[in-house]
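J.: Attaching a single structure in structure tokens format; questions to follow.
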Amino acid sequence: MDKAFRKTASNYSHGLSVIPYLLCLVWFFILEQVVLEPEFLIGTKIDKVIPFSEVFVIPYVFWYLYVAVPAVYFFFKAPDDFRKLMSFMSFSMIIACLIFTFFPNGQALRPYIRPDGLLDSILSRIYKADTPTNSLPSIHVMFSVGVHTALVHYKDTGRKILNFSFVSMVLICISTVFVKQHSIVDVMAGIIFSEFLYILVYIKGITVGDIWKKVRLFTKRGISLRM
């Protein structure tokens, strides 16, 4: 039984790469409770021109499945792709939370919603659960780009899935401005940071695990020098 457990633990050791993401998630939720009023409001004239449309709450909410399903699949079928996706998401959260901490931002774009229909009710619940703070950069955008990038680099992704993923990514990104959860500036910032993370994770091949190893090595050297 002990050997079987060790073998299982070894086979799924890549699951440890989710830990930095979970820690950042805790960081984010703490900021959601602490930053009640943003010091910097994000918005442009373009945002005022973009109409509000509750229909876009569908791709906005679909984002949760869009992120979760590939992550679970990679966990069981493609450990290396899982590590890269988790690294992309973890780095995204680190960048976002650092900005939220030292540049507390938000937006004042939300309209008043009377929850008469199903979509209005869903969006009203989202508004109540998710404060209009910590908006730049858009995590919705960064994670969507990260998932699509992971699917593009996965060797067994079919053409139909890639096409579906691309359309989903685009709809999710634009949904954030149509449901007034984000400014166009938040979206652009998310895209720019995603391009940087694409180079870091998929071109340079740097993962969260690599950073952790370097931190541990640096710490050990520091302790050795003191001794």
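J.: Let me understand region 99-152 better: what is its radius of gyration from the alpha carbons, and its Dmax, in angstrom?
T.: Gyration radius and largest Cα-Cα distance of region 99-152: 14.5, 40 Å.
J.: Along the three principal axes, how long is region 96-221 when you take its alpha carbons, biggest first, rounded to the nearest angstrom?
T.: Largest first, region 96-221 extends 59, 41, 21 Å along its Cα principal axes.
J.: Taking only Cα atoms, what is the 0 to 90° angle, nearest 10, from helix 57-77's long axis to the longest principal axis of the chain?
T.: The angle comes out near 10 degrees.
J.: If you don't mind, another one. All other residues with a Cβ under 13 Å from the Cβ of Ser124 taken together, and with Lys, Arg as +1 and Asp, Glu as -1, what is their net charge?
T.: It works out to a net charge of +1.
J.: Still on this structure, please answer the following. Roughly what % of Cα-Cα distances in region 44-149 sit above 15 Å, to the whole percent?
T.: Details: 3947 of 5565 pairs.
Value for region 44-149 (Cα pairs over 15 Å): 71 percent.
J.: Using only Cα atoms and rounding to the nearest 10 degrees, what angle (0 to 90) does helix 159-178 make with the longest principal axis of the chain?
T.: Once rounded, the angle reads 50 degrees.
J.: Can you give the helix-only mean residue ellipticity at 222 nm for the chain, where every DSSP H stretch with n ≥ 4 adds -39500 (n - 2.57) and the sum goes over all residues, rounded to the nearest 500 deg cm²/dmol?
T.: After summing the helix terms and dividing by the residues of the chain, the value is -23000 deg cm²/dmol.
J.: Okay, next question. Mind checking the log10 I(q)/I(0) for region 140-204 at q = 0.15, 0.24, 0.28 Å⁻¹? Debye, one equal scatterer per Cα, no solvent, two decimals.
T.: Computed log10 I(q)/I(0) values: -0.48, -1.00, -1.16.
J.: Name the most mobile residue of Pro115, Pro104, Pro20, meaning the one with the largest mean-square fluctuation, in a Gaussian network model of the chain with Cα contacts below 10 Å.
T.: Pro115
J.: Which of the chymotrypsin sites (Phe, Trp or Tyr not before Pro) found in region 108-161 are loop residues per DSSP with 10 or fewer other Cβ atoms within 10 Å of their Cβ?
T.: Passing sites in region 108-161 are Tyr112.
J.: Right, another one. Output needed for the chain: three equivalent-ellipsoid semi-axes, defined as square roots of 5 times the C-alpha gyration tensor eigenvalues, in descending order, whole Å.
T.: For the chain, the ellipsoid semi-axes come out as 33, 23, 16 Å.
J.: On a 31 Å Cα-Cα criterion, which of the cross-link pairs Lys48/Lys128; Lys84/Lys160; Lys128/Lys160; Lys77/Lys160; Lys48/Lys84; Lys48/Lys155 come out too long?
T.: Listed pairs above 31 Å: Lys128/Lys160; Lys48/Lys84; Lys48/Lys155.
J.: Moving on. Any chance you could give the angle, 0 to 90 degrees and rounded to 10, that helix 184-198 forms with the longest Cα principal axis of the chain?
T.: 20
Throughout, read-outs are computed from the coordinates displayed, never taken from laboratory work. This is a predicted model, so every value here is computed, not measured. Positions of Cβ are backbone-derived with ideal geometry, glycine not excepted, and every protein chain shown enters the neighbour counts.
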